[in-house]
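Engineer: A single structure is presented below for examination.
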């Protein structure tokens, strides 16, 4: 059985004080989320303070991005080992907004994932198609290219610290959500692709998250699908009550 995984991506929201207040409110609300791995991803400036605030709780800490070098003349970048030093156990890599606005490619996703694993972090690797790509019936081709490019060269053992997040770009922040069946179709495709490339055991153990306007009123239907193992939550993770309702979907 794959342990359900609910992650909150706070994007460019929340000051340090607001971030600490949010997880302080969240912690008791998710104490009943039996058997669910819960992760929050604040902005870089809040990481250490949030790490202190969630100490002793079931909540884990992720960064929203990283760089692939350990140190050097790379102004503005943050290395995985520095994220770990700040209290992170996870890092999001290749989010569609990074691809769209900041030039992220399958190649940079691959290098960042390798660096994250080398630093002892769990990599949440994102893939997903745009509306034009879906309407052009290119969803599966795009997902295959992103997944195989981003995870090229990894061994089966590496997948114990890799989580894949499928985020249809057309459903992020738009209020639109892929239907349960649409989401399951792509999740199944990802699992079958991983089976072909990395083996059945790897695919069986891989957790695949859905990200795209996940809310308390649609999470149960999504989580009921056999190949959906969790959610990468955006807007609904910015309020403790709504994120807790998602994280406790099975209570």
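Engineer: Using a basic spin-label model with each label point 7 Å from the Cα along Cα→Cβ, how many nm lie between residue 195 and residue 182?
Structural biologist: Output for this residue pair reads 2.5 nm.
Engineer: Assign one of three labels to segment 124-251, namely rounded, prolate or oblate, based on the Cα gyration tensor with a ≥ b ≥ c the square roots of its eigenvalues; rounded applies when a/c is under 1.5, prolate when it is not and a/b is larger than b/c, and oblate otherwise.
Structural biologist: Judged from the Cα gyration tensor, segment 124-251 comes out oblate (a/c at least 1.5, b/c at or above a/b).
Engineer: Right, another one. Working out 0.36 nm times the residue gap between residue 105 and residue 239, then minus their Cα-Cα distance, what length gain in nm do you get to one decimal?
Structural biologist: Separation in residues times 0.36 nm, less the Cα-Cα distance, equals 45.1 nm.
Engineer: Label segment 1-40 by shape, choosing from rounded, prolate and oblate, from the square roots a ≥ b ≥ c of the eigenvalues of the Cα gyration tensor; if a/c is under 1.5 it is rounded, and otherwise prolate applies when a/b is larger than b/c, oblate when it is not. Could you put the intermediate results ahead of the total?
Structural biologist: Details: a/c = 5.07, a/b = 1.70, b/c = 2.98.
Oblate shape, in that a/c is at least 1.5 and b/c is the bigger or equal ratio.
Engineer: For every helix of n ≥ 4 consecutive DSSP H residues, a contribution of -39,500 (n - 2.57) applies; sum these over the chain, divide by its total residues, and give [θ] at 222 nm rounded to the nearest 500 deg cm²/dmol.
Structural biologist: On the way: 11 runs with 102 residues, N = 251.
Helices in the chain give a 222 nm mean residue ellipticity of -11500 deg cm²/dmol.
Engineer: If you don't mind, another one. Looking at the square roots a ≥ b ≥ c of the eigenvalues of the Cα gyration tensor of segment 1-138, which shape do they give, rounded for a/c under 1.5, prolate if a/b is larger than b/c, or oblate?
Structural biologist: Working: a/c = 1.72, a/b = 1.27, b/c = 1.36.
Oblate, because a/c is 1.5 or more while a/b does not exceed b/c.
Engineer: Just rank 227, 180, 52, fewest to most, by other beta-carbon atoms within 10 angstrom. Show your work: numbers first, answer last.
Structural biologist: Details: 227 20, 180 17, 52 11.
Fewest-to-most ranking of 227, 180, 52: 52, 180, 227.
Read-outs: derived from the displayed coordinates by stated rules, not from any lab. Please read these numbers as outputs of a predicted model, since none were measured by experiment. No Cβ is skipped: glycine too gets one built from the backbone with ideal geometry, and neighbour counts run over all protein chains shown.
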